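As structure tokens, the structure follows; a few thoughts come after it.
The values are calculated or read from the model by the stated rules, or taken from the named source; none is laboratory data. The model shown is predicted, which means the values in this text are computed figures rather than measured ones. Counting neighbours? That spans all protein chains shown, and the Cβs are built from the backbone with ideal geometry, glycine included. Just the protein is used for accessible areas: all its heavy atoms, side chains included, with ligands, DNA and RNA removed. Shrake-Rupley method; radii C 1.70, N 1.55, O 1.52, S 1.80 Å.
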Amino acid sequence: LTQLFRPLDMLGMVYRTIRQGLIDMAAMFRLIDMPVEVADAPGAPALIIREPRVTFDNVVFGYDPDRTILHGLSFEVPAGGHVAIVGPSGAGKSTIARLLFRFYDPWQGRVLIDGQDIREVSQESVRAAIGIVPQDSVLFNDTIGYNIAYGHDGATQEQVVAAARGAAILPFVERLPQGFDTEVGERGLKLSGGEKQRVAIARTLVKDPPILLLDEATSALDSRTERDILATLHRVSAHRTSISIAHRLSTIADADTILVMEAGQLAEQGSHADLLRRDGLYAEMWARQQAESTVQAEAAE
Ligand code: ATP
């Protein structure tokens, strides 16, 4: 009987690993309808990552055949590099993340991780390589420990504790009478937006992926919590390749490279200082956001 159940267990594990990614992805992009299925190539091998580089090579893509969204997009994130993607609403930022997670395949061009076309390797291995930290994390009505280990059946208590430490939520958990066994969610302890986000960061740390996809719009948090969470995210990303989808520019000013998207094309790219000097779309967006935050600060006084 155990023989019979082992493959089912395996399937369960694979399913949960993928599902965790899907849940985080759904939370990140508020996907309502499930996108079209992409299939593994027959006998597709697993992705092998020596250097977690991410490359978009002349990617053309749209959701509907008569509307192109990305018009030949090319960029590279070097191993260990930090790239932020900014641009007006609808510019195609989330679409880039969806293609990297292989929810869809490009019409033309390629998406590569460490030089391997992600269409030619197993989806499971692609999704296992990418950790997602959404802005609104989904918590299950279960314990904090379960929520951190979720999707990683083999996770040991030590790994869960180390992840909680890395996500700077360990002191909080240790102060709770039931510690990691504290029930959270609907019927349990209600966590604040910042605590929930830390649980999501810890969940990603248990997964220990070489590539991180971050949604840095922490709009639900007050500015002090936002700063603390950003500091944690920066620490967690330090030795990984990271791609941040940013809605507010103040959070990504220290990225190595900022890609400025406009209508599915790369309008500008460079560091924050380069882009300000260029005095183009980014400089304009920056000036507008600075003015808005001054108005908000004055209104709050
Ligand atoms: P925002 O900052 O508002 O999140 P974005 O830059 O992330 O925007 P995308 O979500 O990538 O933009 O969307 C790019 C374009 O693709 C938009 O015009 C959007 O309407 C369209 N689009 C996104 N998802 C779908 C979908 N599932 N089906 C059809 N069109 C879509």
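A compact table of results
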| item | result |
| --- | --- |
| The stretch 249-301 pair-distance distribution - Cα-Cα, 10 Å bins, rounded % | 24, 48, 21, 7 |
| Overall dimensions of the stretch 85-195 by Cα: Rg and Dmax, Å | 17.9, 55 |
| Anisotropy class of the stretch 201-270 from Cα gyration tensor, a/c 1.5 cut | oblate |
| Two-site label geometry, Arg67 and Ala162: point separation in nm, points 7 Å out along Cα→Cβ | 4.6 |
| Convex hull volume per residue in cubic angstrom - Cα atoms of the stretch 166-301 | 153 |
| Packing-based order for 258-270, 58-70, 128-140, using average beta carbon neighbours within 10 Å, highest first | 128-140, 258-270, 58-70 |
| For a label point 7 Å along the Cα-to-beta-carbon line of Lys190, residues of the stretch 219-249 with backbone N under 20 Å | 219-223, 225-226 |
| Under 20 Å from the Cα of Lys207 - lysines, other chains or at least 8 residues apart | Lys196 |
| Geometric extent, Cα atoms of the stretch 32-123 - Rg, Dmax (angstrom) | 13.4, 40 |
| Spin-label proximity, Ala287 to the stretch 249-271 - amide N less than 20 Å from point 7 Å beyond Cα toward beta carbon | 249-251, 253, 260-262, 267-271 |
| Share of carbon and sulfur in the accessible heavy-atom surface of the stretch 176-290 [1.4 Å probe, %] | 46 |
| The stretch 244-301 - percent relative contact order, Cα under 8 Å, separation 6 or more | 23 |
| Leu276/Val138 FRET efficiency (R0 25 Å; Cβ-Cβ; nearest 0.05) | 0.10 |
| Global form of the stretch 148-203, assessed from the alpha-carbon gyration tensor, a/c cut-off 1.5 | rounded |
| Straight-distance crosslink candidates among aspartates and glutamates, where the alpha carbon sits under 12 Å from Lys190 and sequence neighbours closer than 8 are dropped | Asp142 |
